[in-house]
1. Only residues that are loosely packed, with under 14 Cβ neighbours inside 10 Å and either of a type in the set (V, I, T) or under 16 Å from D58 (Cβ atoms) (or both): list them for segment 6-21, please.
2. Just to check your reading of the model, which residue among N89, N26, N40 is in contact with a strand residue (DSSP E or B) (Cβ under 7 Å, 6 or more places away or on another chain) and surrounded by fewer than 11 Cβ atoms within 10 Å (Cβ to Cβ)?
3. So which residues in segment 61-93 are of a type in the set (V, I, T) and either in contact with a Cys (Cβ under 8 Å, 6 or more places away or on another chain) or without any contact (Cβ under 8 Å) to a residue 40 or more places away in the chain (or both), if there are any at all?
4. Anything in segment 20-56 that is in contact with an Asp or Glu (Cβ under 8 Å, 6 or more places away or on another chain) and under 21 Å from E4 (Cα atoms)? List them, or say none.
5. Considering only residues of segment 44-72 that are of a type in the set (A, V, I, L, M, F, W, C) and closer than 17 Å to L18 by Cβ, which is surrounded by the fewest Cβ atoms within 10 Å (Cβ to Cβ)?
6. For segment 1-109, which fully contained strands (runs of 3 or more DSSP E) count at least 2 residues that are at pLDDT below 95 and more than 30 Å from L122 (Cα to Cα)?
7. Taking the criterion of being at positive phi and surrounded by fewer than 12 Cβ atoms within 10 Å (Cβ to Cβ), would at least one residue in segment 77-84 satisfy it?
Amino acid sequence: MAGELPDYYFRVRENGALVYRVDTENRQRRIEMDQIATINIRNGEVKPHGDRRLSDADMEAITGWMAQRTALLAAREVDDILRAVDHLNLTAQWVQTRATDEQLDAVTDTLLLAMHDLRTVLVRKKADRLMKGE
């Protein structure tokens with residue numbers, strides 16, 4: 001393999017990760033991964049695997065990964081919303097230039113309800129922010 005392997009591997013799952021300690025210092029020079037903990041990113045819980053005690057180095061690596069992961073997920077969330085704005089613009093262009101009557105019949109009510117719901121929430125949240133600013 002090219003380069004050094006990290007000391008820890010984080011297998012991402014929906015609400016966190018499984019944490020493995022990576023070991024190549026064995027007689028066969030095989031990569032061994034020993035599960036040491038389970039992380040729940042939503043509530044910040046770190047559960048040692050089995051009867052294991054986590055070292056300070058383990059906890060430092062885990063908390064560092066959790067901070068990086070939380071920042072990454074927040075950035076992705078904003079990026080997803082900005083992509084949705086692009087899709088709305090592309091949808092408006094499609095409706096104006098290429099959509100057939102049958103296609104519009106299939107999507108109009110659903111789009112209007114979704115857009116009305118989004119507008120209602122955005123207006124309410126903006127009003128709440130403005131009221132806090134006074």
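The values are calculated or read from the model by the stated rules, or taken from the named source; none is laboratory data. Quantities reported herein were computed from a predicted structural model and do not represent experimental measurements. Reconstructed Cβ throughout: ideal geometry from the backbone, glycine too, with neighbour counts over all protein chains shown.
1. Filtering segment 6-21 for residues loosely packed, with under 14 Cβ neighbours inside 10 Å gives 6-7, 11-15.
Once the filter is applied, which keeps residues that are loosely packed, with under 14 Cβ neighbours inside 10 Å and either of a type in the set (V, I, T) or under 16 Å from D58 (Cβ atoms) (or both), segment 6-21 yields P6, D7, R11, V12.
2. Working: N89 fails: in contact with a strand residue (DSSP E or B) (Cβ under 7 Å, 6 or more places away or on another chain); N40 fails: surrounded by fewer than 11 Cβ atoms within 10 Å (Cβ to Cβ).
Of N89, N26, N40, the one residue that is in contact with a strand residue (DSSP E or B) (Cβ under 7 Å, 6 or more places away or on another chain) and surrounded by fewer than 11 Cβ atoms within 10 Å (Cβ to Cβ) is N26.
3. T63, T70, V78, I81, V85, T91, listed by residue number.
4. Result: Y20, R21, V22, D23, T24, N26, I31, E32, M33, D34, I36.
5. So the first thing to find is which residues in segment 44-72 are of a type in the set (A, V, I, L, M, F, W, C), and the list is 46, 54, 57, 59, 61-62, 65-67, 71-72.
Next cut, closer than 17 Å to L18 by Cβ only: 46, 54, 59, 61-62, 65-66.
Working: V46: 17, L54: 17, M59: 13, A61: 20, I62: 19, W65: 17, M66: 18.
In this case the residue turns out to be M59.
6. 16-23, 32-40
7. No - not one qualifying residue is present in segment 77-84.
Quick grid of which residues meet (1) among the acidic types (D, E); (2) touching a strand residue (DSSP E or B) at 6+ places or on another chain (Cβ under 8 Å); (3) closer than 25 Å to L118 by Cα:
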residue: N15; (1), (2), (3): no, yes, no
residue: G50; (1), (2), (3): no, no, no
residue: S55; (1), (2), (3): no, no, no
residue: L82; (1), (2), (3): no, no, yes
residue: L104; (1), (2), (3): no, no, yes
